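Heads up: the structure comes next, in structure tokens.
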Amino acid sequence: MNDSQYHQLADDLLNQLQDSIDDIDFDLDYETAGGILEVIFPNGTKIIINKQAPLHQIWVATKFNGHHFEYKDGLWIDNRTDVELFTLLNDAGSKQAGTAISFN
């Protein structure tokens, strides 16, 4: 993947996540700037999703831990656990929200 392809895929992902947050029936908020998306929960916790352009990765920090995702076969996959990005976000987001939520 070249830099242009990475930026297109990563920007599309961040835009998709913003749309998903708007559609979730839970009081989530978000802020975005410079390739960083902060998902803000009513209890003050956050999930931070950011582009790591030099590595062609997406990094995610939750209340519980951090993850590095690489684009493989059409999906963003955690390079340590092989978990798909939306699976992780749904699990971590549900834990932080205290109720089931889905980002996809």
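Inclusion of E84 among residues that are in contact with a Leu (Cβ under 6 Å, 6 or more places away or on another chain) and either of a type outside the set (G, A, S) or surrounded by 18 or more Cβ atoms within 10 Å (Cβ to Cβ) (or both) is warranted.
Annotation note: Cβ proximity below 9 Å between a residue of region 20-49 that is touching a residue at least 60 places away in the same chain (Cβ under 8 Å) and a residue that is open to solvent by 40 Å² or more (accessible area, probe 1.4 Å) and hydroxyl-bearing (S, T, Y) (sequence gap 6+ or interchain) occurs for S20/S102; I21/Y30; I24/S102; F26/T99. Going through (1) charged (D, E, K, R); (2) at pLDDT 95 or above; (3) more than 13 Å from the chain's Cα centre (by Cα) one by one, D25 falls short only on (2).
Specify the residue that is farthest from D19 (Cα to Cα); the eligible residues are those in region 41-69 that are open to solvent by 60 Å² or more (accessible area, probe 1.4 Å) and in a strand (DSSP E or B).
Result: H68.
Within region 73-95, residues that are in contact (Cβ under 8 Å) with a residue 40 or more places away in the chain have Cβ atoms under 7 Å from residues that are part of a loop (DSSP other than H, G, I, E, B) in these pairs: L89/F103; A92/T62; A92/F64; G93/I101; G93/F103, counting only partners at least 6 apart in sequence or on another chain. Residues that are open to solvent by less than 70 Å² (accessible area, probe 1.4 Å), of a type outside the set (A, V, I, L, M) and in a helix (DSSP H, G or I) within region 8-40 comprise D11, Q18, S20, listed in sequence order.
The values are calculated or read from the model by the stated rules, or taken from the named source; none is laboratory data. Since this is a predicted model, take the numbers as computed values, not measurements. Cβ coordinates were reconstructed from backbone atoms using ideal geometry, including for glycine residues, and neighbour counts include every protein chain displayed. Surface areas here come from the heavy atoms of the whole protein model, side chains and all, with no ligands, DNA or RNA. Shrake-Rupley method; radii C 1.70, N 1.55, O 1.52, S 1.80 Å.
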